[in-house]
Structure formats: structure tokens, C-alpha cells
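The values are calculated or read from the model by the stated rules, or taken from the named source; none is laboratory data. It should be emphasised that the depicted structure is a prediction, and the values quoted were computed from it without experimental measurement. When we count neighbours, we look across all protein chains shown, and the Cβ atoms used for this are built from the backbone with ideal geometry, even at glycine.
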Amino acid sequence: MQEKEVEIYTDGACSGNPGPGGWGTVLLYRGHRRELSGAEPHTTNQRMELTAAIEGLKALKHPCRVRLYSDSAYLVNAFNQKWLERWAKNGWLTVKKTPVENRDLWEQLYALTKVHDVRWIKVRGHAGNKENEYCDKLATEAMARYLSGESS
């Protein structure tokens, strides 16, 4: 059985760093579109970038070939430059022998890449990529919904 090919666009946002944050994800498959978003009360921009990718991959019901687009160099480089493999092999320590930040999220992503064949693609943020900009909108709207609910 041939794996489905899916495109996933992701973005994260944070008001303050750390502070309240949001994430947005768009999944595209053969003309179908699924949008996901969420927010957290106290987080960082990097955590929201990772969460967007995790939630996009978790939404897939079967193993897929995925092209995942992100404007986060932190996320994309961790895979394309093999940082993640080294971290896992070295007991989740960096080359400087310090604990990897956001290990809980990296471990989830690492496990998801064992299920899906993911190609990580870096896009420039706020540079006209329609889907990336839409994910930013989803993330900031989720954060704004959280903030408005918190103040009421």
C-alpha cells in the first residue's frame, strides 16, 4: 500500500518569551484541508513551533510521507542537520554536554518521525508564503482567544 503524501504547514507565536502562546497547523491532502490551533498559558515561541509540528503529525491517522514547512530554523535544522539524532544518541545532551531544552517535545517529534517519513522544509517567515502566514494567523488568534478568556 502506497503511503499518502501530505503537506503540513506550521507556526507558533508567543506574547512575551516566555508568556502566553499559540500554535497553528494546516494539513493539505488531495484537495482536503484541515486546520488546527491551540494555546498555552505560559510557554516560549520555540515550544509553540515544536507543538505545531507535533499536533500536525499527530493528526495523521496512518503513516504518511510528509512535507512539513516551518519558518523555525530551530525545528528544521534539528532534523536536517541531524541534531536530534545526536541528542537522542547522547542521552539528550547537547554537544556542550548540557541538557537539551524542550526535551519533552523533541522526544514526541522523534517518535513521530519513526511513524511518518518527514521532509523538513524551511520557509521564510512573513515573506509571502500564504500557508505559513495563515498558520501565523491561526496561532495568534488561538493566543488571543486564550487571553480574552483569561481576562473575563
Would you mind telling me which numbered condition in (1) within 21 Å of Gly38 (Cα to Cα); (2) out of contact with any strand residue (DSSP E or B) (no Cβ under 9 Å at 6 or more places or on another chain); (3) hydrophobic (A, V, I, L, M, F, W, C) Ala139 fails?
(2)
Which condition does Ala144 not pass, out of (1) touching a helix residue (DSSP H, G or I) at 6+ places or on another chain (Cβ under 7 Å); (2) not in a loop (DSSP other than H, G, I, E, B), if it passes all the others?
(1)
Looking at this structure, is Pro41 in contact with a His (Cβ under 8 Å, 6 or more places away or on another chain), outside any loop (DSSP other than H, G, I, E, B) and either surrounded by fewer than 23 Cβ atoms within 10 Å (Cβ to Cβ) or of a type in the set (Ser, Thr, Tyr) (or both)?
no
Could you grab me the full set of residues in the stretch 6-18 that are in a strand (DSSP E or B) and either within 12 Å of the chain's Cα centre (by Cα) or modelled with pLDDT under 95 (or both)?
Ile8, Tyr9, Thr10, Asp11, Gly12, Ala13, Cys14
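For every residue, the table says whether it meets (1) of a type in the set (Ser, Thr, Tyr); (2) surrounded by 14 or more Cβ atoms within 10 Å (Cβ to Cβ); (3) touching a helix residue (DSSP H, G or I) at 6+ places or on another chain (Cβ under 8 Å).
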site: Tyr69; (1), (2), (3): yes, yes, yes
site: Ala73; (1), (2), (3): no, no, no
site: Asn77; (1), (2), (3): no, yes, yes
site: Lys82; (1), (2), (3): no, no, no
site: Arg86; (1), (2), (3): no, yes, no
site: Val95; (1), (2), (3): no, no, yes
site: Pro99; (1), (2), (3): no, no, no
site: Asn102; (1), (2), (3): no, yes, yes
Take the residues of the stretch 110-136 that are of a type in the set (A, V, I, L, M, F, W, C), touching a strand residue (DSSP E or B) at 6+ places or on another chain (Cβ under 9 Å) and part of a helix (DSSP H, G or I): which is farthest from His62 (Cα to Cα)?
Cys135
If you go through the stretch 112-146, how many residues are within 14 Å of the chain's Cα centre (by Cα) and more than 16 Å from Ala13 (Cβ to Cβ)?
7
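To keep it simple, each residue is scored yes or no on (1) modelled with pLDDT of 95 or more; (2) among the basic types (Lys, Arg); (3) farther than 17 Å from Val123 by Cα.
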residue	(1), (2), (3)
Leu27	yes, no, no
Ser37	yes, no, yes
Thr44	yes, no, yes
Arg47	yes, yes, yes
Glu55	yes, no, yes
Leu60	yes, no, yes
Pro63	yes, no, yes
Ser70	yes, no, no
